[in-house]
1. Picking from Thr14, Thr29, which residue would you name as being among the β-branched types (Val, Ile, Thr) and under 20 Å from the mean Cα position of the chain (by Cα)?
2. If you take the residues of segment 45-60 that are near the ligand (Cβ under 7 Å from one of its atoms) and touching a helix residue (DSSP H, G or I) at 6+ places or on another chain (Cβ under 7 Å), which of them is most open to solvent (accessible area, probe 1.4 Å)?
3. Could you list, in sequence order, the residues of segment 421-435 that are near the ligand (Cβ under 7 Å from one of its atoms) and over 16 Å from Val394 (Cβ atoms)?
4. Scan segment 358-373 and report the pairs whose first residue is assigned by TED's automatic domain parsing to the domain that holds Cys347 and whose second residue is surrounded by 15 or more Cβ atoms within 10 Å (Cβ to Cβ) and of a type in the set (Gly, Ala, Ser), with Cβ atoms within less than 8 Å and a gap of 6+ or a chain change.
5. Could you tell me which of the residues Tyr257, Tyr311 is touching a residue at least 24 places away in the same chain (Cβ under 8 Å) and not assigned by TED's automatic domain parsing to the domain that holds Glu352?
6. Can you tell me which residues in segment 409-420 are touching a residue at least 60 places away in the same chain (Cβ under 8 Å) and more than 8 Å from the ligand (Cβ to nearest atom)?
7. From the list Asp130, Asp64, exactly one residue is within 30 Å of Arg21 (Cβ to Cβ), modelled with pLDDT under 95 and not small (Gly, Ala, Ser). Which is it?
8. Kindly list the number of the only condition in (1) within 16 Å of the ligand (Cβ to nearest atom); (2) over 30 Å from Asp258 (Cα atoms); (3) charged (D, E, K, R) that fails for Asp37.
Amino acid sequence: MRIAVIGGGPAGMTAAYEISRQLGQEVDTLDLFEKSDRVGGLSKSMDLWGQRVDLGPHRFFSHDARINSLWLEVVQGHYEIVDRQTRIYYKKKFFDYPIRPFNALRGLGLLEAARCLLSYMKERIAPTRDTSTFEGWVTSRFGQRLYRIFFKTYSEKLWGIPCTELDSDFAAQRIKKLSLLEAIKNAFFQGMKNKHATLVDQFAYPTGGTGSVYESMQAMIESRGGQILVGTGVERVITVNGKVISLQLENGEIRKYDHIVSSMPISLLVEKLPEVPPSVADHAKSLKFRNTILVYLRVERTDLFTDQWLYIHEKSLQMGRVTNFRNWVSQIYRDSASTILCMEYWCYFEDELWSLDAESMISLAMEEIAQTGLVDREDVTEGHVERLPRCYPVYFRGYREIMKPVETYLSSIAHLHVIGRYGAYKYNNQDHSILMGMLAAENILKGTRHDLWAINTDYEVYQEASVITKTGLMINKP
Ligand SMILES: Cc1cc2nc3c(=O)[nH]c(=O)nc-3n(C[C@H](O)[C@H](O)[C@H](O)COP(=O)(O)OP(=O)(O)OC[C@H]3O[C@@H](n4cnc5c(N)ncnc54)[C@H](O)[C@@H]3O)c2cc1C
């Protein structure tokens with residue numbers, strides 16, 4: 001059996017890692033093609049100014065024992081447990097995120113807090129009827145006023161569309177079942193056994209940076225005889241009579257395979273499939289992706305703020321999030337006396353921001369970080385820019401109907417396995433992409449029929465629930 005994997009992010013690397021266990025037995029050839037010069041995808045790490053950084057904040061978290069066991073197997077003890085601190089920066093004040101009612105009350109002041117409570121009570125008496133949009137969904141759980149303060153501005157910055165145009169899937173997957181009432185209960189019963197997913201306040205972080213997980217996978221895949229071809233983009237997948245037969249690389253070379261696992265952007269995959277019906281191609285074309293520009297700043301101080309990252313809700317600032325790499329693990333900043341901050345800017349291809357040159361982006365970031373009062377401009381000595389095209393699949397209203405025929409068509413192609421964040425148009429975190437990779441490998445090797453489209457940020461742990469602790473995996477007994 002000859003297997004190709006497209007993309008060396010968490011999804012593709014995990015699929016190849018799992019398949020490589022069978023190399024020499026059921027599998028003769030295993031090739032992974034990665035377009036960029038290194039593995040890790042959006043979860044890669046890189047060296048910058050003598051320190052190690054990720055592409056924005058990357059907190060690994062899962063309840064699923066299968067995912068956590070795999071992560072621990074790869075990381076081999078090289079991780080630390082980090083106490084999470086993340087806050088919202090709004091009107092020159094900091095609010096805990098996830099929101100904690102007493103902290104929010106203190107920050108907002110009595111009058112505003114009373115208004116928020118009234119608006120929440122109004123919601124309980126006359127609930128918002130349409131909860132299919134992000135606005136409706138959040139308002140129904142927090143009330144209109146809290147929604148406006150803590151959710152609206154940030155979400156509209158991130159997605160670039162009004163919250164009334166955003167599908168509630170985004171909220172349902174990321175905020176889950178949390179409501180103001182549950183947040184209040186949590187505030188009173190901190191030590192509760194089944195803490196809500198968004199209130200988890202510790203996470204495991206690899207001491208070599210997030211990307212070291214996928215670098216270790218690469219070494220293990222190669223040691224078992226698999227090939228990782230970095231700097232090798234795939235142009236298109238070739239099918240004959242509804243079955244995968246080969247793929248064409250960007251350099252024109254054609255290679256034959258029995259199975260192809262794809263985590264390349266779904267719209268680009270579909271566009272170039274030779275037998276795709278025009279209506280399916282049109283649907284895939286109308287999927288939307290949001291881009292990110294990351295601006296790294298080197299600041300000659302070590303005591304800027306204590307959060308791993310901050311959410312920036314100020315409307316007047318274009319940036320959406322600031323990561324402080326000094327507050328993860330000491331192994332990544334080493335003995336440096338400077339701090340690396342990373343500021344996130346979100347845009348579409350057609351936005352002016354996307355075509356701004358690096359120098360202008362760095363100036364904008366310096367100006368904005370100085371405006372927050374968190375950093376003095378004269379302490380910033382260097383800047384660096386990274387661009388991440390298509391890194392957020394946009395859950396606009398109606399996207400599910402558009403995805404349906406695309407999913408159905410791709411599922412009908414024999415021996416094609418579509419996984420990943422932009423690969424499958426799912427707003428995945430690493431754990432979801434890892435699970436997709438694991439199950440795609442199982443489908444190929446064991447002939448199982450896991451529905452890979454069903455795995456997304458909303459999936460429930462249906463096997464053992466677990467958590468990674470300092471000493472390894474802890475299974476949560478039901
Ligand atoms: C700013 C930011 C913060 C995030 N924070 C977190 C977090 O805190 N926790 C968390 O768990 N997750 C986080 N994520 C999400 C996480 O990065 C992704 O879920 C994960 O990397 C997705 O893995 P993937 O393999 O599905 O896709 P990707 O990581 O996007 O990998 C896809 C790979 O395919 C390659 N590729 C594309 N086209 C081709 C082609 N034609 N040929 C060959 N190769 C190709 C790309 O170069 C890339 O390496 C964050 C993402 C971003 C952008």
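1. On the way: Thr29 fails: under 20 Å from the mean Cα position of the chain (by Cα).
Only one candidate qualifies: Thr14.
2. Keep residues of segment 45-60 that are near the ligand (Cβ under 7 Å from one of its atoms), which gives 55-60.
Now drop any that are not touching a helix residue (DSSP H, G or I) at 6+ places or on another chain (Cβ under 7 Å), which leaves 55, 58, 60.
Working: Leu55: 15, His58: 32, Phe60: 10 Å².
Here the residue is His58.
3. To start, the set of residues in segment 421-435 that are near the ligand (Cβ under 7 Å from one of its atoms) comprises 421-423, 428-433.
Answer for segment 421-435, where residues must be near the ligand (Cβ under 7 Å from one of its atoms) and over 16 Å from Val394 (Cβ atoms): Asn429, Gln430, Asp431, His432, Ser433.
4. So the pair list comes out as Ala358/Gly383; Met361/Gly383; Ile362/Gly383; Ala365/Gly383; Met366/Gly383.
5. Numbers: Tyr311 fails: not assigned by TED's automatic domain parsing to the domain that holds Glu352.
It is Tyr257.
6. The first filter runs over segment 409-420 and keeps only residues touching a residue at least 60 places away in the same chain (Cβ under 8 Å), leaving 409-410, 412-420.
Passing the criteria: Tyr409, Leu410, Ser412, Ile413, Ala414, His415, Leu416, His417, Val418.
7. Asp64
8. (2)
The values are calculated or read from the model by the stated rules, or taken from the named source; none is laboratory data. Since this is a predicted model, take the numbers as computed values, not measurements. Every residue, glycine among them, receives a Cβ derived from its backbone with ideal geometry; neighbour counts consider all protein chains shown. With ligands, DNA and RNA removed, areas are computed over all heavy atoms of the protein, side chains included. Shrake-Rupley method; radii C 1.70, N 1.55, O 1.52, S 1.80 Å.
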